[in-house]
């Protein structure tokens, strides 16, 4: 099974847009903590033909693991503002820099937390302005990348530019040490990556698709106690990758895992390991049903 997921890890970086996120697997009942990295692709919002997929790995949280996972990759990495990710955009990086597109949901979350604390007119209006951007995204989801880019240029860009000007004016009127100032500055510090979606119809505004894929991992965080050591977490990451990617293909993980395990135990050739990946298995399964 490890060979199967390794094949998926090899396949994903050939893609030109990847979504990257790291999630800590810790428990108050455990003496140790660890982290899963999730690398995902999902072309469905712009009508791409490659099947969606998510791969989890368990190396650690440090920057060396991030650079090793995407060694040689120079496409677009959609991520949040975690400092480690920014190493991928280093011009001196071996093989050249990747291009970072930052997540609007992570920025928006700061305004949400402020508004939840009581009346907050600046945060409230910021959220309304961001909601207007998402309304456009909802209308164009599923259209081609070229169509999405064209609509964003004419409809979204003016709203984004107006948002930036408005926030600049609000920032000048509040205390530098206030929470709202910190949230606004976070957006300005990541502005180039936040607005990258305007010029590329393949990029979403946020990393929500991979965060949804990480939700089952987070919900089972207490089960990380069973791992006992790093190898247990590595095995968990392998199985979780196959299960969650199978779900993305709209196939039941149970018969899928039963079938590929049976094949592997009975000497499935390594030269054909790609045929056991969830998207390939789904195609073969549909073909058998149609025959």
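Read the figures in this text as sums done on the coordinates, not as results from a lab. Worth saying up front: this structure is predicted, and the values here are computed from it rather than measured. Cβ atoms come from the backbone with ideal geometry, glycine included; neighbour counts cover every protein chain shown.
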In Å and on Cα atoms, what radius of gyration and Dmax does the stretch 61-126 show? 16.1, 49
Which values of log₁₀ I(q)/I(0), to two decimal places, follow from the Debye formula for the stretch 129-282 at q = 0.10, 0.12, 0.15 Å⁻¹ with a uniform point scatterer at every Cα? -0.63, -0.80, -0.96
Which order do 211, 64, 115 fall in if you start with the one that has the fewest other Cβ atoms within 10 Å? 64, 115, 211
Given all pairs of distinct Cα atoms, the stretch 148-201 yields a Kirkwood Rh in Å of 12.1
How would the stretch 45-164 be classified by its alpha-carbon gyration tensor: rounded, prolate or oblate, with rounded meaning a/c under 1.5 and the a/b versus b/c comparison settling the rest? oblate
Tail fraction, Cα-Cα pairs, the stretch 104-198, threshold 20 Å, whole percent: 37
Relative exposure of 154, 67, judged by other C-beta atoms within 10 Å (fewest first): 154, 67
If you look at just the Cα atoms of the stretch 229-291, how large are its Rg and its Dmax in Å? 12.6, 46
What distance in nm lies between label points placed 7 Å from Cα along the C-beta direction at residue 90 and residue 239? 3.6
